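Single-structure report; data block below.
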Amino acid sequence: MNGTIRVGNLFGIPFNVHPSWFFVLGWVTLSYGSGLAAQFPSLSLGLPWLLGLIAALLLFASVLAHELGHSFVAIRQGIEVKSINLFLFGGLASLGKEPKTPAGAFWLAIAGPLVSLALFGVISVISFGSGISGPFAAILGVLGYVNLALALFNLIPGLPLDGGNVLKAIVWKITGNPYKGTVFAGRAGQILGWIAIASGLLPLLMGSFSGVWNILIGWFLLQNAGRATQGARVQEQLANLTAQDAVMPDSPIVSEALSLREFVNDYIIGKPQAQRFLVTNDQGKLVGAIAVDDLKTIPTSQWPEISVSQLTQSIEFSTTVKPDQSLLEVVTLLEEQKLTQLPVIRDNGVLVGLLEKTSVLQLLQKRAQANPA
């Protein structure tokens, strides 16, 4: 999440907080501290707000435990947990990839609410069975209530909430299509977002600010559910396309047998100029690359006699893709390895062409224009 502050590691997982977290920490500390001061007037000056700070930190620890529940299940499934972030609306475990099966998605989603329910149970037993009283009993009561609320709220069936991910897993299991599950749960999240906004606007129209929090939650649901829905649609398109579909139509590829004069006349003069061209042999296999700037080292009078192969430099790509490879896998490679292009090569070593991020975007734009929603 952008703008987060690194706090440290938890079980090897980077732990970050968003600046908005400090606002909520201060607000909970002051509001709950004021409540304790009113409820227990015998508390010495400053102690209610110290207890309020402790309560606020325990509340965020509950959110953190909720996210650790998701994280541990993800790790059990071989999924990398990039970070855990706390922010204004709670917490988020950032995962390296999605589960491979609907069952895996279900258990990943339900793990957080189960942890919160377990904490509610433990806190309730301690609260009622230990005989604790006074402000500490009040803090335990609030902590138990928050964990119960955290579990129940997150089980609401709409993305990006855990209940939305549970719904996604169920639809995925029924349809066999993970993207349909995401779109369905995303639409549910958008509907819930509009309901939350409407429920918050009504008090505002009546002159009360009690609905502001509902509006903020509704906006959060709308934004994230819409993003998930759009992302699922793009992923489904990419999954149904192959690397060959996105190969640049004018990939900068030349034969090593060409003379420099033929190379310049056919590929450079009057055409969008690439800075480097891949070079293939007579079998179409990649042998290296030629840089346009290297032509400056050869007098133009010698261009007809010198072949491209004489200026070809060896080149190695750390990653290549096959023509029939899923475009979703290819885009994932581009993002993970921070690449801008990849060569598409057949099993026999023949170079098909180059694939770039821009060529993928152009392909999706053409398909969108040909099949408008």
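Residue by residue through the range 153-166, note down the ones that are touching a helix residue (DSSP H, G or I) at 6+ places or on another chain (Cβ under 8 Å) and either of a type in the set (D, E, K, R) or under 15 Å from residue 117 (Cα atoms) (or both).
If the condition is that a residue be touching a helix residue (DSSP H, G or I) at 6+ places or on another chain (Cβ under 8 Å) and either of a type in the set (D, E, K, R) or under 15 Å from residue 117 (Cα atoms) (or both), then 154, 155, 156, 162, 163 are the ones that fit.
Check 257, 239 and return the single one that is surrounded by fewer than 17 Cβ atoms within 10 Å (Cβ to Cβ) and touching a residue at least 60 places away in the same chain (Cβ under 8 Å).
Numbers: 257 fails: touching a residue at least 60 places away in the same chain (Cβ under 8 Å).
Testing whether each residue is surrounded by fewer than 17 Cβ atoms within 10 Å (Cβ to Cβ) and touching a residue at least 60 places away in the same chain (Cβ under 8 Å) leaves just 239.
Give me the pairs: first residue in the range 16-28 and within 11 Å of residue 85 (Cα to Cα) and surrounded by 19 or more Cβ atoms within 10 Å (Cβ to Cβ), second residue among the aromatic types (Phe, Trp, Tyr) and at pLDDT 90 or above, beta-carbon distance under 8 Å, and six or more apart or on different chains, which are they?
21/60
Does residue 137 qualify as being more than 26 Å from residue 239 (Cβ to Cβ), of a type outside the set (Lys, Arg), at pLDDT 95 or above and open to solvent by less than 30 Å² (accessible area, probe 1.4 Å)?
Judged against the criteria, residue 137 is not a match.
Could you give every pair whose Cβ atoms fall below 8 Å, whose first residue belongs to the range 159-183 and is without any contact (Cβ under 8 Å) to a residue 40 or more places away in the chain, and whose second residue is among the basic types (Lys, Arg) and surrounded by fewer than 24 Cβ atoms within 10 Å (Cβ to Cβ), counting only separations of at least 6 or pairs across chains?
So the pair list comes out as 171/180.
List the pairs whose first member sits in the range 351-367 and is at pLDDT below 90, whose second member is among the polar types (S, T, N, Q), and whose Cβ atoms are under 7 Å apart, counting only residues at least 6 apart or on separate chains?
Here the result reads 367/237, each pair linking the range 351-367 to a residue that is among the polar types (S, T, N, Q).
Hey, residue 220 hits all of (1) in a helix (DSSP H, G or I); (2) over 30 Å from residue 332 (Cβ atoms); (3) hydrophobic (A, V, I, L, M, F, W, C) but one; which does it fall short on?
Going through (1) in a helix (DSSP H, G or I); (2) over 30 Å from residue 332 (Cβ atoms); (3) hydrophobic (A, V, I, L, M, F, W, C) one by one, residue 220 breaks only (2).
Being exposed (fewer than 14 other Cβ atoms within 10 Å of the Cβ), of a type outside the set (A, V, I, L, M) and free of Cβ contacts under 8 Å to residues at least 40 places away in the same chain is the filter here, so list the residues in the range 260-286 that pass it.
Passing the criteria: 265, 266, 270, 271, 272, 273, 275, 282.
For residue 52, are the conditions met, namely being open to solvent by less than 30 Å² (accessible area, probe 1.4 Å), touching a residue at least 12 places away in the same chain (Cβ under 8 Å) and part of a strand (DSSP E or B)?
No; evaluated as a whole, the condition is false for this residue.
Could you say whether any residue in the range 172-180 is in contact with a strand residue (DSSP E or B) (Cβ under 8 Å, 6 or more places away or on another chain) and either over 30 Å from residue 366 (Cβ atoms) or polar (S, T, N, Q) (or both)?
Checking the range 172-180: not a single residue is in contact with a strand residue (DSSP E or B) (Cβ under 8 Å, 6 or more places away or on another chain) and either over 30 Å from residue 366 (Cβ atoms) or polar (S, T, N, Q) (or both).
Among what's in the range 105-145 and is of a type in the set (Val, Ile, Thr) and over 26 Å from residue 35 (Cα atoms), pick the residue that is farthest from the chain's Cα centre (by Cα).
115
Step by step: first the residues of the range 146-170, then only those that are farther than 14 Å from residue 110 by Cβ and within 21 Å of the chain's Cα centre (by Cα), then the one that is surrounded by the fewest Cβ atoms within 10 Å (Cβ to Cβ). Which residue is that?
160
Please go through the range 290-319 and give me each residue that is closer than 28 Å to residue 241 by Cα and either open to solvent by 70 Å² or more (accessible area, probe 1.4 Å) or not in a loop (DSSP other than H, G, I, E, B) (or both), ordered by number.
Correct list: 316, 318.
How about the range 191-236: which of its residues are more than 25 Å from residue 176 (Cα to Cα), out of contact with any helix residue (DSSP H, G or I) (no Cβ under 6 Å at 6 or more places or on another chain) and surrounded by 17 or more Cβ atoms within 10 Å (Cβ to Cβ)?
The answer is 220, and nothing else.
What are the pairs with Cβ atoms under 6 angstrom where one residue, in the range 84-103, is more than 13 Å from residue 17 (Cβ to Cβ) and the other, located anywhere, is acidic (Asp, Glu)? Sequence gap at least six, or different chains.
93/67; 96/80
The values are calculated or read from the model by the stated rules, or taken from the named source; none is laboratory data. Quick caveat, the model's predicted, so the values are computed rather than measured. Note: ideal-geometry Cβ built from the backbone for every residue, glycine included; neighbour counts use all protein chains shown. Note: areas computed on protein heavy atoms with side chains; ligands, DNA, RNA excluded. Shrake-Rupley method; radii C 1.70, N 1.55, O 1.52, S 1.80 Å.
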